[in-house]
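**Q** Below: one structure in structure tokens.
The values are calculated or read from the model by the stated rules, or taken from the named source; none is laboratory data. Not measured: the values here are computed from a predicted model. FYI the Cβ positions are ideal-geometry reconstructions off the backbone, even for glycines, and counts take in every protein chain you see. Surface accessibility is based on the protein's heavy atoms, side chains included, excluding ligands, DNA and RNA. Shrake-Rupley method; radii C 1.70, N 1.55, O 1.52, S 1.80 Å.
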Amino acid sequence: MKVAKHTFDAVIVGAGGAGLRAALQLSEAGMKTAVLTKVFPTRSHTVAAQGGVAASLGNSTEDNWHWHMYDTVKGSDWLGDQDAIEFMVKKANEVVVELEHYGMPFDRTDNGKIYQRPFGGHSQNYGQTPVSRSCAAADRTGHAMLHALYQRNVRANTQFFVEWMAMDLIRDADGDVLGVTAMEMETGEVSIFHAKATIFATGGAGRIYYSSTNAFINTGDGVGMAARAGIPLEDMEFWQFHPTGVAGAGVLITEGVRGEGGILRNASGERFMERYAPNLKDLASRDVVSRAMTTEINEGRGCGSAKDHVLLDITHLSPETINKRLPGIREISIQFAGVDPIKAPIPVVPTCHYQMGGIPTNYKGQVVVPKDGQPNVPVAGFYAAGECACASVHGANRLGTNSLLDLLVFGKAAGETVVEDFRSGQLTLKPLPENAADVSLARIARLESQTNGEDVHEVRLEMQRTMQKHAGVFRFADIMKEGVTKIMQVAERAKRTQIKDKSKVWNTARTEALELDNLIEVAKATMVSAEARKESRGAHVRDDAPDTAEHPNGRDDENWLKHTLWFSEGNRLDYKPVTLQPMSADVEPIALAKRTY
Amino acid sequence: MSSKRTVQFKIYRYDPDKDDKPYMQDISVELEESDKKLLDALVRLKAKDDTLSFRRSCREGVCGSDAMNINGKNGLACLTGVDELAQPITLRPLPGLPVIRDVIVDMTQFFKQYHSIKPYLINNDPAPERERLQSPEDREELNGLYECILCACCSTSCPSFWWNPDKFVGPAGLLAAYRFLADTRDQATSERLDNLEDPYRLFRCHSIMNCVDVCPKNLNPTKAIGKIKDMMVRRAV
């Protein structure tokens with residue numbers, strides 16, 4: 001197969017919020033940039049974000065970035081790097097205001113400012129009372145944001161390669177990154193994108209689980225590509241289960257529903273969050289609420305004939321408020337739960353939602369790996385931002401609205417770093433290794449010729465069921481151990497996938513087989529990292545690491561206050577320290593404490 | 001509550017790599033109780049025959065990927081209840097755009113028209129430190145406009161767009177044009193109107209209202225087009 005070669009100053013993989021924000025930096029700086037995306041940009045999963053983006057604008061309640069920083073560190077169960085967190089919360093106002101200037105249709109307060117609503121885990125005065133920090137466009141914030149960012153890129157003449165699927169990362173003998181291979185879906189042709197800088201903004205891999213709020217396209221492509229190319233993955237045991245996915249359908253119901261006054265109730269109608277989080281109640285952070293719901297269900301207080309869900313009640317809100325602030329939620333409830341929330345509560349269950357871990361980066365968006373005894377050495381030419389990256393600002397548990405903030409701040413930071421490195425002449429176009437496309441061509445050739453192979457759909461389903469059962473909201477030593485064995489078996493099967501469709505044109509069977517290769521890397525990383533972490537922290541809660549006086553919340557800071565690094569090669573684990581020191585010398589670190597809400 | 005049942009389909013199939021011409025395929029699939037939407041059924045079908053090609057992503061009606069012609073009417077597979085459809089469920093690509101494969105169409109022309117209206121806020125004042133202020137009432141003018149998901153159900157159900165896809169902006173593009181005309185923060189009103197002052201770009205809309213009928217987000221492009229026409233008239237007098 002002939003392989004075309006395209007040369008650019010920079011290539012960005014992914015055109016969701018992070019990719020588009022990074023692209024703006026590069027386009028406006030005049031860099032020759034290619035943005036590769038397997039879907040038209042506005043179809044990226046950022047579009048599905050609902051409730052808002054965090055910024056301490058203080059438009060309706062007093063707020064400042066110190067409080068936001070405290071909430072984020074506490075929310076992360078102290079696994080977040082405090083330098084990156086300080087960087088993010090300090091940049092929040094700037095990036096949100098920029099979006100407003102780009103035309104994003106935020107809702108407004110009576111005095112014309114950006115409307116803000118309360119959200120889980122966000123507080124005033126270091127955990128005391130809920131704060132309105134979530135900047136929202138009704139319950140369609142992600143849609144409004146993604147379209148505004150795409151529109152701004154149209155203005156900036158950004159060059160998109162739409163419906164091109166990136167396949168493999170190209171590294172040379174020094175380990176430097178020189179670009180990617182990619183397949184044009186319409187023709188099936190593979191090309192090399194040779195660039196001085198490569199930015200991954202490929203999103204998460206929520207589709208490793210059976211029940212997920214995530215879109216079909218969330219297959220961890222960048223994470224899988226990085227892992228196969230020898231880059232370790234950080235903190236992959238930490239997956240957020242969103243408290244309110246529509247029972248049965250998995251579709252997301254924003255936390256903004258509770259921000260607007262929604263209440264979770266069990267079978268007896270009790271507002272059970274009062275027992276688990278006496279202060280913030282339904283607005284406790286997501287890991288806490290998801291565990292409380294799961295406990296209610298496990299102890300027989302679930303709703304419905306199977307007692308397998310709880311109810312999200314907004315019937316006490318006025319129809320005007322629901323129609324004005326939560327119109328999309330009303331649509332979703334009617335469509336997917338068969339319930340009009342004005343009249344009846346919505347059946348919900350905790351559902352896999354967000355990947356806290358990912359490709360390790362620093363707060364400048366540079367991908368960093370351990371080298372010569374140093375834990376965080378930048379990989380030349382390689383940058384990452386958004387859900388595929390781990391900066392790490394979310395640590396063991398992300399706060400709602402911090403994901404949209406993450407992709408804005410770090411999309412922009414990665415873009416700025418690339419522009420700086422480009423202008424200072426640090427970035428060079430190193431010669432491509434010979435046969436740079438061989439790995440990708442071999443993957444395609446194998447799919448062409450595989451006989452007596454495994455069905456892609458079946459293997460994916462087996463992976464999803466394994467992850468759901470063995471790495472869920474509550475985790476058990478023996479079940480995780482068994483999960484590791486099982487996922488390795490599934491991974492073996494995934495090496496022998498076979499497809500019937502041999503067409504070159506828009507072959508979605510082939511796309512799904514290639515995506516499965518990426519999902520499998522993420523699933524292995526998750527299972528192995530989870531089994532190994534012998535403590536409870538944030539979203540990773542083990543039955544054998546309970547809340548005790550010695551180990552508050554089951555956390556073992558003495559042994560486990562460290563980031564996991566998983567290497568695909570040899571299925572190997574390593575660890576690196578958490579950055580407890582903020583970026584600025586005059587900012588006090590947030591001291592370790594027991595987490596209560 | 002729906003249980004296990006078999007559903008009959010008639011699906012437009014075309015793979016330029018092997019087919020001389022398109023054909024309609026009769027195919028059936030057994031659905032599980034949890035399969036409620038047409039997209040669930042398509043995913044089930046694809047597990048059975050991986051050569052069936054269609055776009056899909058969010059499965060909740062916000063990404064706009066899975067628009068197709070369903071029993072003669074454009075819609076999103078993920079928002080269409082499979083049990084509400086008469087069988088055999090007939091699926092065709094969106095009309096009026098070149099077919100790439102099966103129900104996947106080439107949307108180049110559609111996006112070209114969207115891009116032609118300058119779909120971005122134009123405000124040449126120096127950016128203030130904080131947000132530009134906008135009253136809740138002024139912001140409300142954007143409701144029913146900004147929610148468009150660019151699925152192309154509307155433009156590809158519009159006879160005017162079928163005849164002149166290169167000259168008529170089409171309902172989706174015009175809805176976007178009005179979204180910026182209606183935004184108090186935008187300063188390019190006359191430039192935007194100039195851009196549409198043409199026998200085709202705006203005025204090929206004959207208020208047939210197919211766009212309104214099919215919009216999966218319940219938006220009303222015809223109304224927005226009417227408002228642009230009003231603005232044209234008002235500035236002429």
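**Q** Keeping all protein chains in place, calculate the accessible area per residue for the range B:121-237 (probe 1.4 angstrom), answer in Å². All intermediate terms of the calculation are to be shown ahead of the outcome.
**A** Values: 5280 Å² over 117 residues.
For the range B:121-237, the solvent-accessible area averages 45 Å² per residue.
**Q** Another question, then. Counting alpha carbon pairs within less than 8 Å and at least 6 residues apart, what relative contact order, in whole percent, applies to the range A:98-167? Don't jump to the answer; show the numbers that get you there.
**A** Details: 67 pairs, mean separation 20.8, N = 70.
Taking the mean separation of contacting Cα pairs over the length of the range A:98-167, I get 30 percent.
**Q** Pull the list of chain B cysteines that no other Cys approaches to under 4.7 Å, Cβ to Cβ.
**A** Taking the Cβ cut-off of 4.7 Å, the unpaired cysteines of chain B are B:CYS78, B:CYS148, B:CYS151, B:CYS153, B:CYS158, B:CYS205, B:CYS215.
**Q** I would also like to ask the following. How high is the relative contact order of chain A, in percent, counting Cα pairs under 8 Å that sit 6 or more residues apart? Write out the running numbers ahead of the final one.
**A** Details: 1437 pairs, mean separation 126.7, N = 597.
21 percent.
**Q** What is the Cα centroid distance between the range A:119-136 and the range A:224-302, reported in whole angstrom?
**A** The two parts, judged by their Cα centres, are 17 Å apart.
**Q** Another question, then. Taking the DSSP beta bridges in chain A as the whole, what percent of them are antiparallel, to the nearest 5? Let's see the in-between values first.
**A** Details: 49 of 75 bridges.
Counting DSSP beta bridges with both partners in chain A, the antiparallel share is about 65 percent.
**Q** For the range A:364-430, what does the relative contact order come out to in percent, with C-alpha contacts under 8 Å and a separation of six or more?
**A** Numbers: 57 pairs, mean separation 23.0, N = 67.
RCO, the range A:364-430: 34 percent.
**Q** With +1 on the Cβ of every Lys and Arg and -1 on the Cβ of every Asp and Glu, and nothing else charged, how large is the dipole of the range B:14-105 about its Cα centre, in debye rounded to the nearest 20?
**A** That gives a dipole near 360 debye.
**Q** Follow-up. Of B:PHE9, B:TYR200, B:ASN74, whose Cα points farthest to the positive end of the dipole of chain B (charges on the beta-carbon: +1 Lys, Arg; -1 Asp, Glu; origin at the Cα centre)?
**A** The residue sitting most towards the positive pole is B:TYR200.
**Q** Considering only C-alpha atoms, what is the centroid distance from the range A:553-593 to the range B:25-100, in Å?
**A** Comparing the Cα centres of the range A:553-593 and the range B:25-100, I get a distance of 46 Å.
**Q** Still on this structure: Let me have the 222 nm mean residue ellipticity of chain A computed from DSSP H runs of 4+ only, each contributing -39500 (n - 2.57), with the sum over all residues rounded to the nearest 500.
**A** Details: 16 runs with 197 residues, N = 597.
Dividing the helical sum by the residues of chain A leaves -10500 deg cm²/dmol.
**Q** Can you list, largest first and rounded to whole Å, the semi-axes you get for the range A:470-572 by taking the square root of 5 times each eigenvalue of its Cα gyration tensor? Display every interim value, and only then the final one.
**A** Details: eigenvalues 255, 30, 28 Å².
Over the Cα atoms of the range A:470-572, the semi-axes work out to 36, 12, 12 Å.
**Q** Then there's this: Heavy atoms only, probe 1.4 Å: what % of the accessible area of the range A:194-253 goes to carbon and sulfur, would you let me know? If you can, show how the numbers build up before the last one.
**A** Details: 410 of 800 Å².
Roughly 50 percent of what the probe reaches on the range A:194-253 is carbon or sulfur.
**Q** If R₀ is 25 angstrom, what is the calculated FRET efficiency for the pair B:ASP230 and B:THR108, using the beta carbon separation as r and rounding to 0.05? Please list the in-between numbers first.
**A** Working: r = 31 Å, r/R0 = 1.25.
Efficiency, rounded to the nearest 0.05: 0.20.
**Q** Would you kindly state how much longer the chain becomes between B:ASN218 and B:TYR23 on full extension, computed as 0.36 nm times their sequence separation minus their alpha carbon distance, in nm to one decimal?
**A** 67.0 nm is the gain from fully extending B:ASN218 to B:TYR23.
**Q** Within chain B, what is the longest stretch that has no GluC sites (Glu not before Pro) placed in a DSSP loop and near at most 16 other beta-carbon atoms within 10 Å? Mind showing how you got there, number by number?
**A** Working: sites that count: B:GLU32, B:GLU33, B:GLU129, B:GLU197.
No qualifying site falls inside B:34-128, the longest such stretch.
**Q** If you filter the range A:51-96 for GluC sites (Glu not before Pro), then keep DSSP loop positions with at most 16 other Cβ within 10 Å, what is left? Working shown, then result.
**A** Values: sites: A:GLU62, A:GLU86, A:GLU94; in loops: A:GLU62.
Passing sites in the range A:51-96 are A:GLU62.
**Q** Determine how many Å³ per residue the convex hull of the Cα atoms of chain A encloses. Could you put the intermediate results ahead of the total?
**A** On the way: hull volume 87.4 nm³, N = 597.
Dividing the Cα hull volume of chain A by its residues yields 146 Å³.
**Q** If you take the accessible area of A alone plus B alone and subtract the pair, what total do you get in square angstrom, rounded to 100, with a 1.4 Å probe? Let's see the in-between values first.
**A** Values: alone 21480 and 12670 Å², together 29060 Å².
For chain A against chain B, roughly 5100 Å² becomes buried.
**Q** Given a Förster distance of 30 angstrom, what is the FRET efficiency for A:LYS594 paired with A:ASN125, based on the Cβ-Cβ distance and rounded to 0.05?
**A** Working: r = 18 Å, r/R0 = 0.60.
Efficiency, rounded to the nearest 0.05: 0.95.
**Q** What FRET efficiency would be calculated for the residue pair A:MET488, B:VAL237, taking the C-beta separation as r and a Förster radius of 45 Å, to the nearest 0.05? Walk me through the intermediate numbers first.
**A** Details: r = 76 Å, r/R0 = 1.68.
Efficiency computed from Cβ-Cβ geometry: 0.05.
**Q** Counting only protein heavy atoms, what percent of the accessible surface of the range A:436-550 is carbon or sulfur at a 1.4 Å probe?
**A** Numbers: 2370 of 4550 Å².
On the range A:436-550, the fraction of accessible area on carbon and sulfur atoms equals 52 percent.
**Q** Determine the residues within the range A:315-345 where the difference in accessible area between the chain on its own and the full set of protein chains amounts to at least 40 Å²; count protein heavy atoms only and use a 1.4 Å probe.
**A** Residues losing area: A:GLU331, A:GLN335, A:PHE336.
**Q** Relative to the isolated chain, which residues of the range B:145-185 have their accessible area cut by 30 Å² or more in the presence of all protein chains (1.4 Å probe, heavy atoms, no ligands or nucleic acids)?
**A** In the range B:145-185, residues shielded by partner chains: B:TYR146, B:GLU147, B:LEU150, B:ARG179, B:ARG185.
**Q** Note down the magnitude of the dipole of the protein assembly as shown about its Cα centre, charges +1 on Lys and Arg C-beta and -1 on Asp and Glu C-beta and zero elsewhere, to the nearest 20 debye. Don't jump to the answer; show the numbers that get you there.
**A** Details: 99 positive and 109 negative charges, 304 e Å.
Roughly 1460 debye, rounded to the nearest 20.
**Q** Ok, one more. With every protein chain left in place, what is the accessible area of A:GLU535 in Å² (1.4 Å probe, nearest 10)?
**A** 0
**Q** Now, a different point. Per residue, how much accessible area does the range A:4-119 have with a 1.4 Å probe, in Å²?
**A** Working: 2480 Å² over 116 residues.
Normalised by residue count, the accessible surface of the range A:4-119 is 21 Å².
**Q** Can you sort A:LYS2, B:LYS46, A:LYS430, A:LYS504 by solvent-accessible area, 1.4 Å probe, largest first?
**A** Numbers: A:LYS2 150, B:LYS46 20, A:LYS430 45, A:LYS504 90 Å².
Putting A:LYS2, B:LYS46, A:LYS430, A:LYS504 in descending order of accessible area: A:LYS2, A:LYS504, A:LYS430, B:LYS46.
**Q** Given a 1.4 Å probe and heavy atoms of the protein chains only, how would you sort B:PHE168, A:PHE476, largest accessible area at the top? Please report the intermediate quantities before stating the final value.
**A** Working: B:PHE168 0, A:PHE476 75 Å².
Result of the area sort, largest leading: A:PHE476, B:PHE168.
**Q** Between A:LEU178 and residues 5 or more places away or on another chain, which pairs have amide H atoms under 5 Å apart, with H built 1.01 Å from N, and which residues are they?
**A** When sequence neighbours closer than 5 places are left aside, the close amide H contacts are A:ILE170, A:ARG171, A:ASP172.
**Q** Follow-up question, since we're still on this one. Residues of the range A:568-593 with backbone nitrogen within less than 19 Å of a virtual label 7 Å along the Cα-to-Cβ line of A:ALA549, please, listed as ranges.
**A** Zone members listed by number: A:593.
**Q** Within the range A:311-433, what whole-number % of the accessible surface is contributed by carbon and sulfur, with the 1.4 Å probe and all protein chains included in the calculation? Intermediate results must be reported in sequence, preceding the final value.
**A** Values: 2100 of 4020 Å².
Reported share for carbon and sulfur atoms: 52 percent.
**Q** When the Karplus curve 6.51 cos²θ - 1.76 cosθ + 1.60 is applied with θ = phi - 60°, which whole-Hz ³J(HN,Hα) does each residue of the range A:477-490 get, with x for Gly and Pro?
**A** Whole-Hz 3J(HN,Hα) from phi for the range A:477-490: 3, 5, 5, 5, 4, 4, x, 4, 4, 5, 5, 5, 5, 4.
**Q** Also: With runs of 4+ DSSP H residues as the only contributors, calculate the mean residue ellipticity of chain B at 222 nm using -39,500 (n - 2.57) per run, divided by the residue total and rounded to the nearest 500.
**A** Values: 8 runs with 71 residues, N = 237.
Counting only the DSSP helices, I get -8500 deg cm²/dmol.
**Q** Per residue, how much accessible area does the range A:322-409 have with a 1.4 Å probe, in Å²?
**A** Details: 2360 Å² over 88 residues.
Heavy-atom SASA per residue in the range A:322-409 reads 27 Å².
**Q** Could you derive backbone 3J(HN,Hα) for the range A:150-167 from the dihedral phi with the Karplus parameters 6.51, -1.76 and 1.60 (θ = phi - 60°), listing whole Hz in sequence and x where the residue is Gly or Pro?
**A** 4, 4, 5, 6, 4, 4, 7, 6, 5, 8, 9, 10, 8, 6, 10, 9, 5, 10
**Q** Have a look at the range B:3-18 and report residues whose accessible surface goes down by 40 Å² or more when the remaining protein chains are included, against the chain on its own, probe 1.4 Å, ligands and DNA/RNA excluded.
**A** Relative to the lone chain, where solvent access is computed with a 1.4 Å probe, the range B:3-18 loses at least 40 Å² at B:ASP17.
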